[in-house]
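The values are calculated or read from the model by the stated rules, or taken from the named source; none is laboratory data. In this text, all values refer to a predicted model and were calculated from it rather than measured experimentally. Here Cβ is always computed from backbone atoms with ideal geometry, including for glycine, and neighbour counts include all displayed protein chains.
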């Protein structure tokens with residue numbers, strides 16, 4: 001507060017139009033300093049605000065000195081400013097639409113609609129043992145039929161990477177396994193054990209441990225994506241309205257040589 005009083009300018013007295021510096025007859029305002037700050041890369045946030053303030057004012061002063069020395073703006077500058085102004089104004093409208101067009105009720109309704117007719121997707125938790133020959137698979141199956149625990153037999157004989165953990169494959173969905181394996185496992189009841197069957201990897205015996213329905217994404221999971229989709233739809237709808245209400249002309253086919261987009265010499 002003492003520092004603010006010593007300069008004669010209190011924070012509550014400053015507006016975006018407050019002049020912070022002048023270069024000749026050109027005024028540099030607090031609003032311009034604020035915009036310059038928003039354009040700084042994130043790493044500048046590590047600097048104290050007083051350092052940033054002084055640096056930004058100096059930067060704007062230097063830019064104005066150079067701008068004054070350049071004379072009238074070049075054609076390239078004028079076209080650039082025109083495009084930038086158009087883009088910034090369009091971005092403000094898009095931001096306004098995004099902030100006002102989508103409610104929580106809209107997101108909920110879109111979520112409900114997305115899953116209204118969605119089918120339940122099954123998932124399977126299975127274990128298997130893998131050996132090289134049918135005879136080895138049959139011998140392993142016989143041990144299990146005689147009362148040996150599937151996991152113990154898998155640890156003893158399986159050559160696959162899941163052997164050390166009793167052959168447990170964890171949860172998987174349709175399409176995750178080779179067709180022969182998927183067909184054998186999905187035909188089982190929970191606790192059932194297949195007869196030996198062959199795949200490209202060798203001979204298997206498998207058991208189905210559990211089944212479940214694939215968990216559905218929650219509203220919180222999908223909220224950002226759904227909101228973004230609805231916002232995009234709202235922007236597109238607004239553009240269609242504006243285009244329908246305006247007189248818009250476009251180049252006719254063949255009217256201009258498309259390669260002219262690279263003709264930067266036209267700007268000189």
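Data for the structure
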quantity	calculated
Residues that are within 17 Å of residue 136 (Cβ to Cβ), in contact (Cβ under 8 Å) with a residue 24 or more places away in the chain and in a helix (DSSP H, G or I), drawn from the range 148-180	150, 153, 154, 157, 163
Residue tally, condition touching a residue at least 24 places away in the same chain (Cβ under 8 Å) and either surrounded by fewer than 17 Cβ atoms within 10 Å (Cβ to Cβ) or not in a helix (DSSP H, G or I) (or both), over the range 199-234	18
One residue from 33, 9, 57 being modelled with pLDDT under 90 and either touching a helix residue (DSSP H, G or I) at 6+ places or on another chain (Cβ under 8 Å) or not in a helix (DSSP H, G or I) (or both)	9
Test: residue 40 is surrounded by 11 or more Cβ atoms within 10 Å (Cβ to Cβ), over 30 Å from residue 234 (Cβ atoms) and without any contact (Cβ under 8 Å) to a residue 24 or more places away in the chain	yes
